[in-house]
Amino acid sequence: MNYKKILMLLVAFIALQPVIDVLTTASIFVVDTSITVGVLIRAAYMVALLLVLLWASKKSKISRIFTIYLVGLAVLLAANVLVNLQVKDPYYLFQELKFFNKVIYFHIVLLGLMIVYRELKARDYDISGKTTKFFWLSGMVIGIVFVVAQITGTSLSNYSHTKVGFTGWFYAGNEIGAIMAIVLPIMALYGAEKTNSWKKPWAWIPFVLLSLGMLALGTKVGYGGILIVLLSVLIGSLIMLFFMKKKTANVKSNLLISAVLTVVLVVVTPFTPVFGNMFAHLESFGLNFGEAVERPGEGELVEGDEGFEEQEEPVITNDQVQNLIFSSREKYKEVMKDDFYSSPISQQLFGMGFAGNYEPQLPGKTPKMIEMDFHDWFYSFGFIGFIYLMAPFVYFAGKYLLHFIRNLKTHFTYFYVLYGVGFLLGIGIAYTAGHVLTAPAVSIYLAAILAMLVVKENLIKSKS
């Protein structure tokens, strides 16, 4: 097998992600172990990318820079271990290393795929077209799995009680929700690029299929992802049509299709799991906005101890709004924040590692992360570690954003808009719900999007 084919397989690996996740679910139920099929296969992929990076560093300056960065990252992780061995008691080394592996996975895949894409681009490989194809295949498999799981009644439940939602044959609800949200814009891109007549909307069927799966999840991420993607196509089409004068059949058709799908989504909203789950969450606050409440309606007067008084409507406090959005993550964030700023200066510089200082955080309970990725990065790796982890992410994302803005007239197309939406959805989910930058099954998609866009736009020099 020649070098180009190896590189092509490393990109095609994206399409295999849902298959790996289903096998992971099967292995969890068959063998009770934390070392699953997914862990082994993704670890092997990470090693393969590292080998490509090392091989390319013999002749490539940028590859050597990436390699040096990863060596520096390893040094910081070692410093984190040494600091926390002195401070944390008990210190669960396996849990710490397992968490480190999940975090650095994004960095290794991002830098490795940049080199892979650059090498393939130099060999006339259509990196953008193939990436879109593999994302689309991944989305199709996920959508089909959800449908089959629902039809056969074998779908896993996303919640243990009160709320309703399903994850198909995927074990981790948060992770598959994030994956679907990141992939959905690429499904919309496929539909938008293939549709030239509103009478032939068949290319949008895969988008609808994946959307049905996202609605079945019963999560805010799933519903919000669909709405954001549809509005992106709708608003993007309006801008192309009226401000950029792209009055083509393609733009007009996608404008109409996205408008119809948005209306359909709004109409079916009261019948979706997420709608009921939101009210179940409100009821946990002691609030009930349903019609069956046995109390006078708004504006009616009820007899009290001091005559008649107006019945007050339930009021949601700011804390309850935060809880509704972040699902108690804000509470763990405050606990971790207090823990961090009361910790020794060494921990503030290099981080508290996995789940902070276990005992002070949650005495007698299992160590738990905040599940808001950027916050987890900061408290786990400290000021120095957080800046180091963020450096390549901010540098390449910022560089691409500036490039896009400078070339807005030529780059305001469905391709760039929807890939951008996919990336921003990933970042938004990482900030609010987590399980993106700390989950290899999800971070590989985000890394692939950024790496492909950076290389496609020649933002790393081809001869460096």
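Got the relative contact order for region 113-269 handy, in percent, Cα pairs under 8 Å and 6 or more residues apart?
Averaging sequence separation for qualifying contacts and normalising by length gives 21 percent for region 113-269.
Counting only helical runs of four or more DSSP H residues, what would the 222 nm mean residue ellipticity of the chain come to if each run contributes -39,500 (n - 2.57) and the total is spread over all its residues?
Helices in the chain give a 222 nm mean residue ellipticity of -23500 deg cm²/dmol.
Return, for the Cα atoms of region 222-266, the radius of gyration and Dmax in Å, separated by a comma.
Cα radius of gyration and Dmax of region 222-266 are 10.7, 33 Å respectively.
Return the loop-located trypsin sites (Lys or Arg not before Pro) in region 15-86 (DSSP other than H, G, I, E, B) with at most 12 other Cβ atoms within 10 Å of their own Cβ; answer none if there are none.
LYS58, LYS59
Which entries in the list LYS199/LYS220; LYS5/LYS102; LYS133/LYS163 go over 30 Å, if you measure between the two C-alpha atoms of each?
Violating the 30 Å Cα-Cα cut-off are LYS199/LYS220; LYS133/LYS163.
Could you run the Debye sum over the Cα atoms of region 26-78, one equal point scatterer each and no solvent, and tell me log10 of I(q)/I(0) at q = 0.13, 0.15, 0.18 Å⁻¹, two decimals?
Cα-only, vacuum Debye calculation for region 26-78: -0.48, -0.58, -0.70.
Take the chain, mark every one of the GluC sites (Glu not before Pro) that falls in a DSSP loop and has at most 12 other Cβ within 10 Å, then report the longest stretch left between them, sites excluded.
1-290
Report, to one decimal in Å, the Kirkwood hydrodynamic radius for region 176-279 based on all distinct Cα pairs.
Every distinct Cα pair counted, the radius reaches 13.9 Å.
Compute the length gained on full extension between VAL267 and ILE235: take 0.36 nm times their separation in residues and subtract their Cα-Cα distance, giving the result in nm to one decimal.
9.6 nm
Just to be sure I understand the model, the point goes 7 Å from the Cα along the line to the Cβ. What's the resulting ILE405 to ALA391 distance in nm?
Calculated label separation equals 2.4 nm.
Which whole-number percent gives the relative contact order of the chain, counting Cα pairs below 8 Å spaced six or more residues apart?
22 percent
Let me know the charge dipole size of region 344-464 about its Cα centre in debye, to the nearest 20, where only the beta-carbon of Lys, Arg (+1) and Asp, Glu (-1) is charged.
About 560 debye.
Residue by residue through region 329-344, which ³J(HN,Hα) values in whole Hz follow from phi under the Karplus form 6.51 cos²θ - 1.76 cosθ + 1.60 (θ = phi - 60°), with glycine and proline marked x?
Once θ is set to phi - 60°, the couplings for region 329-344 become 4, 5, 6, 5, 4, 5, 4, 5, 4, 4, 4, 5, 6, 9, 8, x Hz.
With labels modelled as points extended 7 Å from the Cα through the Cβ direction, what inter-label distance (nm, one decimal) is found for ASN196 paired with ARG64?
5.0 nm
With only alpha-carbon atoms in the gyration tensor, what are the semi-axes of the equivalent ellipsoid for region 1-118, in Å, largest first?
The equivalent ellipsoid of region 1-118 has semi-axes of 27, 24, 8 Å.
Quick one: if the Förster radius is 30 Å, what FRET efficiency do LEU50 and TYR91 give, using the C-beta to C-beta distance and rounding to 0.05?
0.65
For mean projected area of the Cα convex hull in nm², which listed value, (1) 25.3; (2) 22.5; (3) 27.8, comes from the coordinates shown?
Evaluating mean projected area of the Cα convex hull in nm² on these atoms matches (3).
For ILE205 and ILE151, FRET efficiency with R0 = 22 Å and r from the beta-carbon atoms, rounded to 0.05?
0.85
Mind listing the long-range amide H neighbours of PHE166? Cut-off is under 5 Å, sequence gap 5 or more, other chains count too, H placed in the peptide plane at 1.01 Å from N.
Residues meeting the amide H criterion: ASN158, LEU217, GLY218.
All of the numbers you see were taken from the coordinates with simple rules; none came from a lab. Quantities reported herein were computed from a predicted structural model and do not represent experimental measurements. Please note: Cβ atoms are built from the backbone with ideal geometry, for glycine as well, and neighbour counts cover all protein chains shown.
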